[in-house]
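Before any comments, here is the structure.
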Amino acid sequence: MSTLAHTMMTAARSADSGLANPGELDRYPYGEAPAPDRAGAPVWDGADPELGRVGRRAAGSRGRGLHGQLVQQLGQMIVSGDLGADRPLVPEEIGQRFEVSRTVVRESLRVLEAKGLVSARPNVGTRVRPVSDWNLLDPDIIEWRAFGPQRDDQRRELGELRWTIEPLAARLAAGHGREDVQQRLSDMMEIMGHALGQGDGLTFARADAEFHSLLIQVAGNRMLEHLSGIVSAALQVSGSPVTGCERPTEASLAHHARILDALAGGDGAAAEAAMRQLLTVHPEVERVVPAPREH
């Protein structure tokens, strides 16, 4: 694999998203919920049996080991509604169900707490939080929602977010003629073109994700740059309706080329218009584009 192809596959994601600072690791005991609440504890036997035995699953889950895999599995169960709001999560029961140590459970619950999915309080224990408390901009939560029962809402919301963010980012990026970024954007275009010719949708999607992430990062607005990981997450939910270019096409590649030409020419208005054209070719965005006003 070429260096460019390898680089392209490392689109931005947030880091392990939320382990507490060392001084905060023992803020809460993460102990069992009080006895009266145990009647509402999750029925783990009703969950997908493949979610058990975390340590025996493929070592991957984004390379985070046992604790990362448990975060993934518990997060999916919470987002899907299998573990409803205010349900108590008892570390001993989780450890037994998933065959992992208490330390792994504790670290996993802390990551989920940082994402807003659970809360831990003294004398109350750890409980699932309502959707209103979740960090819906967290790339993991975006992914879990995209594959769960909320997939349609997630697709619509991501389309609305992209329609707001990316045309503005394209306009701003046109005023920042950094040659290194222009070259990297050209590299992504080259990879996309090659992938289109080979019928390689996965490589096309990854290069597409890198293209959009780079564009946001070069816009010169740090708040927009902070959102680049969100757009990347939306673009990389492979196999779901939430993709940047659902099918690699010559038309999609041409729209990317127009964006690149506008950036190279420093034409912010043209870059913004080209981005809007690109986004409106996707069904999930068409529904959120404002209809023309009648005069």
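The values are calculated or read from the model by the stated rules, or taken from the named source; none is laboratory data. A quick note: this is a predicted structure, and the numbers were derived from the prediction, not measured. Cβ coordinates were reconstructed from backbone atoms using ideal geometry, including for glycine residues, and neighbour counts include every protein chain displayed. Protein only, heavy atoms only, side chains kept; ligands, DNA and RNA dropped before computing areas. Shrake-Rupley method; radii C 1.70, N 1.55, O 1.52, S 1.80 Å.
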Could you grab the relative contact order for the stretch 147-222? Cα pairs under 8 Å, six or more apart, rounded to a whole percent. 41 percent
Suppose the chain between ALA254 and HIS176 were pulled fully straight at 0.36 nm per residue; how much longer would it get relative to their current alpha carbon spacing? 25.9 nm
Per-residue HN-Hα couplings for the stretch 68-75, Karplus 6.51 cos²θ - 1.76 cosθ + 1.60 at θ = phi - 60°, whole Hz, x for Gly and Pro? x, 5, 5, 4, 4, 6, 5, x
Normalising by the residue count of the stretch 91-195, find the relative contact order in percent from Cα pairs under 8 Å and 6+ residues apart. 11 percent
Evaluate the distance, in nm, between pseudo-label points positioned 7 Å from the Cα of VAL124 and of ASP153 along their respective Cα→Cβ axes. 2.2 nm
Tell me, what ³J(HN,Hα) does each residue in the stretch 213-222 have, in order and in whole Hz, if you take phi through Karplus 6.51 cos²θ - 1.76 cosθ + 1.60 with θ = phi - 60° and put x for Gly and Pro? 5, 4, 4, 5, 5, 8, 5, x, 10, 5
Here, ALA85 and SER132, labelled 7 Å along Cα→Cβ, have an inter-label distance in nm of 0.6 nm
Ordering ASP180, ASP208 by how much accessible area each has at a 1.4 Å probe, largest first, what is the list? ASP180, ASP208
Accessible-area value, GLU92, 1.4 Å probe, nucleic acids and ligands omitted, Å²: 70 Å²
Evaluate the distance, in nm, between pseudo-label points positioned 7 Å from the Cα of ALA264 and of GLU93 along their respective Cα→Cβ axes. 6.1 nm
Sulfur and carbon atoms: percent of accessible area, the stretch 80-170 [1.4 Å]: 48 percent
